[in-house]
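Down below is the structure, laid out as structure tokens.
Every number here is computed from the coordinates shown, using simple stated rules; none is lab data. These figures come from a predicted structure and were not determined experimentally. FYI the Cβ positions are ideal-geometry reconstructions off the backbone, even for glycines, and counts take in every protein chain you see.
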Amino acid sequence: MSAQFPVARPRRLRRTPALRRLAAEHRLAPADLVLPMFVKEGVTEPQPVPSMPGVVQYTRDSLRKAAHEAAEAGVGGLILFGVPAVKDATGSAADDPAGIVQLALRDLASDLGDAVVVMTDLCLDEYTDHGHCGLLTPGGEIDNDATLERYASIAVAQADAGAAVVAPSGMMDGQVGAIRSALDAAGYRDVAILAYSAKYASAYYGPFRDAAECAPQFGDRSSHQQDPANAEEALREVLLDLDEGADMVMVKPAGPYLDIVRRVRDAVRVPVAAYQVSGEYAMIEAAAEKGWLDRERTIDESLIAIRRAGADIILTYWATEVARRLRDR
Ligand code: PBG
């Protein structure tokens, strides 16, 4: 073998942990992680979610404690989902000032102040008895424009209760514009919108439907969420949401849609979030429980992949655990 061969030796920078740390192109930071949290009305104990081991539906009190722990670990944000005791056709608990999310928001605003950004998922599916993301016509189809009025009202109720960021997830046309105008008209010019812009009709939301108790009673969400076959359409949705006033945009799910995360990151000049959804969580937890995957390594790799694809902000059910791990490293 000649003395010059091989000429290039990329392994030089992989030789020791210190070199690898120095040469790492991407890093996770606790501040970029957002923890999704479920808060359930009318229960006295946290309720485990069977398909998401380690995730619970919090009571108001246990939510406060877990939110505090997340903030202490340095997590950047929390996003709240409400599970109301009573559901009806219009999802009236969603904008009731005494609704579970509004009560929880007030608790967190007084407990946490500015330590962490408190956000809310803004949708109707957790609140309607039929489990759909909008109001229905008599024929059982989603009425887009009537739904926008509900979303506008929910946005104002969430802002009244102290949400710093609202995150519309219903994929109705015009939802960001409707919410922006309503917030502005109510004096909430500084409440920001994180738009679930490119949200796919995904099987990976399966476990979430247990957690939020919101499986559609008939049909599915393919008339409003995107077809997994499409990529250009995601960019169109993102650009429309920015025109309507979105401050940040989201791609969801994250892991199976890393190409979309990258394309959105390259196309826009606002923060890009990616949501590592319930099914991504459940798959890794289940395989780890069987001893088929190394749990921590797989979690870390799944997250750095989302970061590498271009996400600035990552929503993950592991946010507190990973933030602690990063801090202790
Ligand atoms: C709708 C909403 C969903 C998720 C977040 N917001 C469910 C859906 O659109 O069917 C899914 C999150 C997850 O799977 O972790 N409110």
Specify whether the C-alpha gyration tensor of segment 125-266 places it in the rounded, prolate or oblate class, a ≥ b ≥ c being the square roots of the eigenvalues: rounded for a/c under 1.5, otherwise prolate if a/b is larger than b/c and oblate if not. oblate
Please determine, in degrees from 0 to 90 and to the nearest 10, the orientation of helix 278-289 with respect to the longest principal axis defined by the Cα atoms of the chain, where the helix direction is its Cα long axis. 50 degrees
Euclidean distance of C-alpha centroids, segment 73-92 and segment 177-197, integer Å: 18 Å
Can you work out the Karplus-derived ³J(HN,Hα) for every residue in segment 118-134? Use 6.51 cos²θ - 1.76 cosθ + 1.60 with θ = phi - 60°, whole Hz, and x for glycine or proline. 9, 10, 10, 6, 10, 7, 10, 4, 6, 10, 8, 6, 8, x, 8, 7, x
Assigning unit charges at the beta carbon (Lys, Arg +1; Asp, Glu -1) and nothing else, what dipole magnitude in debye, to the nearest 20, does the chain show about its Cα centre? 2300 debye
Hey, with R₀ at 41 Å, roughly what FRET efficiency would Asp294 and Ala267 work out to, going by the Cβ-Cβ distance, to 0.05? 0.70
Alpha-carbon Debye profile of the chain, log10 I(q)/I(0) at 0.14 Å⁻¹: -1.10
For the chain, take the longest principal axis of its alpha carbons; what is the angle in degrees between that and the long axis of helix 258-267, to the nearest 10 within 0 to 90? 80 degrees
Label point distance in nm, Ala185-Ala89, each placed 7 Å from Cα along Cα→Cβ: 2.4 nm
Going residue by residue through segment 186-193, the Karplus relation 6.51 cos²θ - 1.76 cosθ + 1.60 with θ = phi - 60° gives ³J(HN,Hα) values, rounded to whole Hz and with x marking Gly or Pro, of 8, x, 9, 4, 9, 7, 8, 10
Quick check on the chain: helices-only [θ] at 222 nm, where DSSP H runs of length 4 and up contribute -39,500 (n - 2.57) each and the sum goes over total residues. Nearest 500, please. -11500 deg cm²/dmol
Cut-off 13 Å (backbone N to label point 7 Å along Cα→Cβ of Glu141), residues of segment 200-241: 223-224
Roughly what would the spin-label model give for Asp129 and Glu45, points 7 Å off Cα along C-beta, in nm? 3.0 nm
Pick out, from Val264, Ser222, Ala212, the residue whose Cα sits farthest towards the positive end of the charge dipole of the chain, with +1 on the Cβ of Lys and Arg and -1 on the Cβ of Asp and Glu. Val264
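Using the 10 angstrom Cβ neighbour count as an exposure proxy, how do Glu72, Glu232, Glu213, Glu289 rank, fewest first?
Glu232, Glu289, Glu72, Glu213
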Angle between the chain longest axis and helix 60-72 axis [Cα atoms, degrees, rounded to 10]: 30 degrees
Nitroxide proxy distance, nm - points 7 Å out along Cα→Cβ at Asn230 and Phe5: 5.4 nm
Which of Met37, Met172 has the fewest Cβ neighbours within 10 Å, and the rest in rising order: Met172, Met37
Treat the count of other C-beta atoms within 10 Å as a stand-in for reagent exposure and order Val270, Val118 from fewest to most. Val270, Val118
For Gln57, distant residues with modelled amide H under 5 Å away: Gln47, Val49
List, in order, the whole-Hz ³J(HN,Hα) value for each residue of segment 82-89 obtained from phi through the Karplus relation with A = 6.51, B = -1.76, C = 1.60 and θ = phi - 60°; use x for Gly and Pro. x, 10, x, 6, 10, 10, 9, 5
For segment 2-64, what class follows from the C-alpha gyration tensor (a ≥ b ≥ c being the square roots of its eigenvalues): rounded when a/c is under 1.5, otherwise prolate if a/b is larger than b/c, else oblate? prolate
